[in-house]
Amino acid sequence: MTADTNISLDTLIEGRRRGACYGYIAHIATERYNALVNTLVSERNARKQREIMDIFRRCNCDWTETLHVVLFRFLGGKHNRAASERLASIVTNHIIMRENSSLANIEALLFGASGLLDIYNADDYISHLKQEFSHLSLKYSITPMSHEEWQFSGMYYNNHPALRLAQIAACLHENKISVQSITSCATRRDEYDLFSGRATEYWMQQVLPYSNVHSIAPRIGSIKSDILGINLVAPLMYAYGSYTESQKLISRAIALLRNIPAEDNRYTRQWNRSITTAVESQALIQLSTEYCDRTRCHECPLAKLILYDDQR
């Protein structure tokens, strides 16, 4: 994109349309590239912090409930994010903690309130869960969702909402996920252990009644675990660290992103640069979604590097 004369804003915009910026990033020296990544990932962390703080205020400034909502939001994936977040608001963490000595009670709450009990034949266990939910819904004044709020088509079996609810029920029953465990997470191994609750054989059979049950995982896999690390663990740690003015937690959140492999998606693939960590992929996603897609070339930190090179 460089030329003998100064690059104008119009030239930058046209270059973006031709994909020239995607190639330019490959030639940036390591020191300047790292500075660019730091700038972009700081912006992205700040944006995610604002989103979490909005949820925090909706949760009456309760960090435990905030974690609960964010956990369900990202566990639902792109197909069932809204439904999962709504379920979290119906069956709060406070309710779960009062019943978490019994896995069956947690499953009754989650499957009953989600409406998903209605899609299964009433065998002995489903009948038991329905009976328990009938009692618990009166106890906690729960109005269940409709099963029609959930999407089942167009997704891998590993993302089936029933399997995800069974997995998270196991995690909650085992008290694996808390503000303390999130903020103590320092490595990818720590992140993976957070989500190690295993769905029971019963729910695995329900999700794939006509398929080889061994083709799905009873626990949240490494790819989904990394997604939760990037979108839940690190952002919540960063937001909590900012709220409590703990630079240690802020630094730990960024260090965790450096410990997680880079995401591979349409945003990261378009840039002509080899990336290895989630810090880099988050930076490039920020660049793509907040600058390129919005034609904000006049504000883009990469464009400033291009202009600087052209004017030297």
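Annotations for the structure displayed:
- When the C-alpha to C-alpha distance is required to be over 24 Å, the pairs from LYS48/LYS78; LYS48/LYS224; LYS78/LYS130; LYS78/LYS139 that qualify are LYS78/LYS130; LYS78/LYS139.
- Phi angles of the stretch 50-59 translate, via the Karplus equation with coefficients 6.51, -1.76, 1.60 and θ = phi - 60°, into HN-Hα couplings of 4, 5, 5, 5, 4, 5, 4, 5, 5, 8 Hz per residue; Gly and Pro are given as x.
- Packing-based ranking, highest mean first, of 267-279, 62-74, 111-123 given that Cβ atoms within 10 Å are counted: 62-74, 111-123, 267-279
- Of ILE227, ILE126, ILE285, the residue with the greatest mean-square motion in the GNM of the chain, using alpha carbon springs below 10 Å, is ILE126.
- The dipole here belongs to the chain: it is taken about the Cα centre, uses +1 on the Cβ of Lys and Arg and -1 on the Cβ of Asp and Glu, and is about 520 debye.
- Close amide H pairs (under 5 Å, H built 1.01 Å from N) link THR277 with ALA262, residues at least 5 positions away or on another chain.
- Karplus (6.51, -1.76, 1.60) ³J(HN,Hα), θ = phi - 60°, over the stretch 28-43, in Hz, Gly and Pro reported as x: 6, 4, 4, 4, 6, 5, 4, 5, 4, 4, 4, 4, 5, 6, 5, 4
- Only Cα pairs under 8 Å and 6+ residues apart enter the sum, and on that basis the relative contact order of the stretch 9-311 stands at 21 percent.
- Given charges at Cβ of Lys, Arg, Asp, Glu: the stretch 9-311 dipole, positive-most of LEU117, SER42, SER246: SER42
- Check: the stretch 127-282 dipole with +1 on Lys, Arg Cβ and -1 on Asp, Glu Cβ, in debye: 240 debye
- Linear extension gain, ASP118 paired with ARG57, 0.36 nm per residue minus alpha-carbon span: 18.6 nm
Each reported figure results from applying straightforward, stated rules to the coordinates on display, with no laboratory input. The structure displayed is predicted, hence computed values, not measured ones. Neighbour counts run over all protein chains shown; Cβ positions are idealised from the backbone, glycine included.
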